[in-house]
Amino acid sequence: MRWTKQKTSRIKRGQTIVAERERAESESERMQIRKKVRRKRATSVVLVILMVTILGLLAYMGAKGVAEEVAQVTEKNNTYVIAAEIVDESGNSQISSRTREYIGLLEQDFKDMGYTVTRVVLPAGMSRQLYVDLNGEEMYFKVSMDRDTAVTAEDAVRMLKYLRDKDIHPSYVDVRLNGKAYYK
């Protein structure tokens, strides 16, 4: 009798034992369906993140490749013909391609600012320095090959204007330091 009371307490009125089993199975199936839905959602999120990452990487690589191609094209097309006389005081007849390129760029930068380089001297014992003579100027400029040519030319032009305004006539102007110039 005791067994029947327990059994009847779990089974509601109008239900059979078979109905109780179906309900238990259906709850198990619902749990499995919920797990599948969660897995699909997680998989979808991971796939979206992965696709966005791949597309971003492809866009970055494409932009980087285009930038490198443009840089290579501009480097190949920018060949400067040196019109100035080059004097090597050390007696070497060999002038490196890097030095020639620097002189060409410096000459082009001075030309862009309205000045013409007439002569470039490579002093003996100083491998990273040049003496630059400009057309119509009695002084020469000491420049360093470690600095950018555009900045060097800009500093030299500024110094020329300053010296003209103050009516100073030095023998040379040193523009080897960034943002500073010395004259003697």
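Taking Met113 as the residue in question, decide whether it is farther than 18 Å from Glu85 by Cα and either of a type in the set (Ser, Thr, Tyr) or buried (at least 19 other Cβ atoms within 10 Å of the Cβ) (or both). Spelling it out, it is not the case that Met113 is farther than 18 Å from Glu85 by Cα and either of a type in the set (Ser, Thr, Tyr) or buried (at least 19 other Cβ atoms within 10 Å of the Cβ) (or both).
Scanning the range 156-180 for residues that are under 23 Å from Glu101 (Cα atoms) and in contact with a strand residue (DSSP E or B) (Cβ under 9 Å, 6 or more places away or on another chain) yields Ala156, Val173, Asp174, Val175, Arg176, Leu177. Restricting Lys161, Lys180 to residues that are assigned to a helix (DSSP H, G or I), of a type in the set (Lys, Arg) and open to solvent by 60 Å² or more (accessible area, probe 1.4 Å) narrows the list to Lys161.
For the residues Ala59, Ala84, Ala67, Ala24, the requirement of being small (Gly, Ala, Ser), modelled with pLDDT of 80 or more and over 28 Å from Met139 (Cβ atoms) singles out Ala59.
Residues are listed down the side, and each one gets a yes or a no for (1) open to solvent by 30 Å² or more (accessible area, probe 1.4 Å); (2) modelled with pLDDT under 90; (3) more than 15 Å from Tyr183 (Cα to Cα); (4) not in a helix (DSSP H, G or I):
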| site | (1), (2), (3), (4) |
| --- | --- |
| Val121 | no, no, yes, yes |
| Ala124 | yes, yes, yes, yes |
| Val151 | yes, no, yes, no |
| Val157 | no, no, no, no |
| Val173 | no, no, no, yes |
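Residue count for the range 136-184 satisfying the condition of being among the aromatic types (Phe, Trp, Tyr) and in contact with a Phe, Trp or Tyr (Cβ under 8 Å, 6 or more places away or on another chain): 4.
The values are calculated or read from the model by the stated rules, or taken from the named source; none is laboratory data. All figures in this text were calculated on a predicted structure; none of them were measured in a lab. Don't worry about glycine lacking a Cβ; one is built from the backbone with ideal geometry, like all the others, and counts go over all protein chains shown. These accessible areas exclude ligands, DNA and RNA; they are computed on the full protein's heavy atoms, side chains included. Shrake-Rupley method; radii C 1.70, N 1.55, O 1.52, S 1.80 Å.
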